[in-house]
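Read the figures in this text as sums done on the coordinates, not as results from a lab. As the structure is a computational prediction, the values presented were derived from the model and not from experiment. Here Cβ is always computed from backbone atoms with ideal geometry, including for glycine, and neighbour counts include all displayed protein chains.
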């Protein structure tokens with residue numbers, strides 16, 4: 001891809017615009033009032049510098065674009081006020097191409113509507129001075145083409161900018177998806193490692209004893225299976241205190257079920273600890289039956305705890321936090 005720096009484009013535009021000013025100087029003998037002509041040339045040159053060096057970036061200031069409209073009117077009136085006719089091969093209407101160049105720059109620099117308003121003003125003033133018959137020998141057609149090409153360039157810039165933004169958004173989405181997938185894989189690996197480190201001693205014991213376990217070992221295996229299930233279903237609800245409180249409750253014969261639906265995911269560690277402490281306190285109060293602890297999202301509360309005994313009419317414990 002060929003890349004052209006912004007400075008190079010400015011230099012090219014400055015040289016091209018200066019050429020029109022030079023044509024104005026060459027055409028000075030054709031004007032009845034050369035002071036008006038000199039003033040028109042100077043005004044145009046200042047406007048050229050304004051549109052090219054208005055401010056960094058592609059979009060020029062609105063006030064500068066409106067200033068070009070004023071220049072279109074002033075320069076045209078100065079020229080027509082000192083020119084009676086267009087001679088064959090003359091550059092006396094140099095200002096048509098010059099002002100069209102200014103308007104083209106205005107269009108490229110993100111103000112195409114103002115550029116076309118300026119071209120309409122330029123055309124109306126030309127027709128008011130010389131009538132429709134001067135349309136082909138005044139440079140107006142070339143000016144029209146110049147502004148139209150600038151309009152197309154403006155649309156290409158806008159389209160390119162939109163595609164760049166869309167590409168950036170897609171790139172961010174892809175990066176986010178990759179990061180999320182990596183985090184999910186890391187989390188799964190961590191859970192697997194934690195599970196193995198927790199269950200491995202018991203599994204080795206089962207292997208060594210060929211599955212012949214004592215009653216205490218069988219109870220330990222049941223507790224271990226429940227703890228592993230908690231780690232899968234309710235990892236966010238677990239810390240060492242909750243694990244121990246849950247184990248103690250199960251040793252007392254309480255059936256404990258932990259479920260995590262993301263209710264505590266957006267909390268800070270300190271706030272989350274408050275809920276976990278409450279779980280421990282409430283679990284230690286239950287001596288029989290079944291306890292269901294659930295962290296839910298979107299229900300108006302974050303944590304639900306319910307304890308009920310078999311054949312009971314109402315729960316022994318029901319709280320929402």
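Helix 269-284: angle to the longest alpha-carbon principal axis of the chain, degrees 0 to 90, nearest 10? Taking Cα atoms only, the helix is inclined about 20 degrees. Shape class of the chain from the alpha-carbon gyration tensor: prolate, with a/c at 1.5 or above and a/b greater than b/c. Decide, for region 254-295, between rounded, prolate and oblate: order the square roots of the alpha carbon gyration tensor eigenvalues as a ≥ b ≥ c, take rounded if a/c falls under 1.5, and otherwise choose prolate if a/b is larger than b/c, else oblate. Oblate, since a/c reaches 1.5 and b/c is not below a/b. Each of 127, 119 was scored by other Cβ atoms within 10 Å of its Cβ. Listed from fewest to most, they are 127, 119.
Look at 114, 243 and count the other Cβ atoms within 10 Å of each Cβ; fewest to most, that gives 243, 114.
When only C-alpha pairs under 8 Å and at least 6 residues apart count, what is the relative contact order of the chain, in percent?
Working: 351 pairs, mean separation 32.5, N = 321.
The normalised contact order for the chain reaches 10 percent.
If both residues of a DSSP beta bridge must be in region 233-320, then about 60% of such bridges are antiparallel.
Most tightly packed first, judged by the mean number of other beta-carbon atoms within 10 Å of their residues, the peptides 71-78, 304-311, 275-282 read 71-78, 275-282, 304-311. By how many degrees, 0 to 90 and rounded to 10, does the Cα axis of helix 62-80 deviate from the longest principal axis of the chain? Here the helix axis deviates by roughly 10 degrees. Per-residue ellipticity at 222 nm computed for the chain from its helices equals -23000 deg cm²/dmol, with DSSP H segments shorter than 4 residues left out and the rest contributing -39,500 (n - 2.57). Remark: the Cα gyration tensor places region 233-320 in the oblate category, a/c being 1.5 or greater and a/b not exceeding b/c.
Please figure out what share of the DSSP beta bridges in the chain is antiparallel and state it in percent, rounded to the nearest 5. Just about 60 percent of them are antiparallel. Note: relative contact order over region 233-320, using C-alpha pairs below 8 Å and six or more positions apart, is 28 percent. For the chain, the longest principal axis of the alpha carbon atoms and the long axis of helix 6-26 meet at an angle near 10°.
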